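Here is the structure we will look at, set down as structure tokens.
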Amino acid sequence: MAISSISSVGFNNYNNVSFTGRKNKRHHNNVSNPIKVIPLALLLAMSPVTDSFSKEPYTPDVFELSETQQNRKTPLPSNFSYLNKFIINMPKGGKIGLNFIDNDKNKNNFEMLEYTFFDDDDAPITRGIVKGVRFYSGENGKVVHIHGIGLSTTDLEDYTPHGGLSDIITPDEFYDFFYGLIYEDANNNSIRLVRPGSHYEVGDDMREYKRAIGIIK
């Protein structure tokens, strides 16, 4: 697969990844450089992780935690580990953090992908676990619409679910990256394709996630 040049430097507990190439205008999650499809294996091999990254309506509140549960911090369970963490700098502003998380001791695949969008001041704006990805063409190019489980943006070590995740990423480069990621062998059924015209339902994913992190049995 074609891969453009990548530079990696330290950014707190993340690897800072910059992409170079063509410009394209979109909203806050704009990337101006082509990355095409970067295999997950390449991302994970770049460097080891350090131990210390107009929206659709969300589906039913019945899947929300009680107020008591939401006020309780849920750390990442001891059987989970970060395969790697990456920060992707956006030339038009902001950063996207991607954390690949393992819970089956097989370091060749991942069970969760944590997504965070940071503003220009490195403040987390949107954060969650990606479960579904929708692809479509907008007026300025290809669009990636990610769906999943929302997480706290005030405490990046809290994995208590807070409703749904919904965010838009452009342009074509991220379209190619996420489309390739869905079909990577390393994607251990953690992210699925949401087909055009279908509606993402967070319910089953929410129940599965709660079981995985020990909130319900």
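The values are calculated or read from the model by the stated rules, or taken from the named source; none is laboratory data. Bear in mind that the values here come from a model prediction, so they are computed numbers and not experimental data. Glycine also receives a Cβ, built like all others from the backbone with ideal geometry; neighbour counts cover every protein chain displayed. Please note that ligands, DNA and RNA were not included when accessible areas were found on the heavy atoms of the full protein model with its side chains. Shrake-Rupley method; radii C 1.70, N 1.55, O 1.52, S 1.80 Å.
Open to solvent by less than 20 Å² (accessible area, probe 1.4 Å), under 16 Å from residue 179 (Cα atoms) and among the hydroxyl-bearing types (Ser, Thr, Tyr) - does that describe any residue in region 112-121? Checking region 112-121: at least one residue is open to solvent by less than 20 Å² (accessible area, probe 1.4 Å), under 16 Å from residue 179 (Cα atoms) and among the hydroxyl-bearing types (Ser, Thr, Tyr). Looking only at residues in region 164-188 that are modelled with pLDDT under 85 and assigned to a helix (DSSP H, G or I), the one that is farthest from residue 142 (Cα to Cα) is 177.
Considering 152, 166, the condition of being crowded, with 17+ Cβ neighbours inside 10 Å, farther than 23 Å from residue 82 by Cβ and of a type outside the set (Val, Ile, Thr) is satisfied by 166 alone. Scanning region 62-79 turns up at least one residue that is at pLDDT 85 or above and farther than 17 Å from residue 155 by Cα. For residue 88, the conditions (1) under 18 Å from residue 170 (Cα atoms); (2) at pLDDT 85 or above; (3) surrounded by 15 or more Cβ atoms within 10 Å (Cβ to Cβ) are fulfilled apart from (2). Checked against (1) open to solvent by 20 Å² or more (accessible area, probe 1.4 Å); (2) under 13 Å from the mean Cα position of the chain (by Cα); (3) not aromatic (Phe, Trp, Tyr), residue 189 passes all but a single condition, namely (2). Among the criteria (1) open to solvent by 20 Å² or more (accessible area, probe 1.4 Å); (2) touching a helix residue (DSSP H, G or I) at 6+ places or on another chain (Cβ under 9 Å), the one residue 212 does not fulfil is (2). Whenever a residue of region 79-107 is of a type in the set (Asp, Glu), its partners that are assigned to a strand (DSSP E or B), lying with C-beta atoms within less than 6 angstrom and at least six residues away or across chains, give the pairs 102/81; 102/83; 102/110. Every listed requirement among (1) modelled with pLDDT of 95 or more; (2) on the phi > 0 side of the Ramachandran plot is met by residue 127 save one, (2).
Scanning region 189-201 for residues that are in contact with a strand residue (DSSP E or B) (Cβ under 9 Å, 6 or more places away or on another chain), within 19 Å of residue 104 (Cβ to Cβ), assigned to a loop (DSSP other than H, G, I, E, B) and of a type outside the set (A, V, I, L, M) gives a single hit, 190. Kindly check whether there is at least one residue in region 127-147 that is open to solvent by 40 Å² or more (accessible area, probe 1.4 Å), over 21 Å from residue 72 (Cα atoms) and in contact with an Asp or Glu (Cβ under 8 Å, 6 or more places away or on another chain). Yes - at least one qualifying residue is present in region 127-147.
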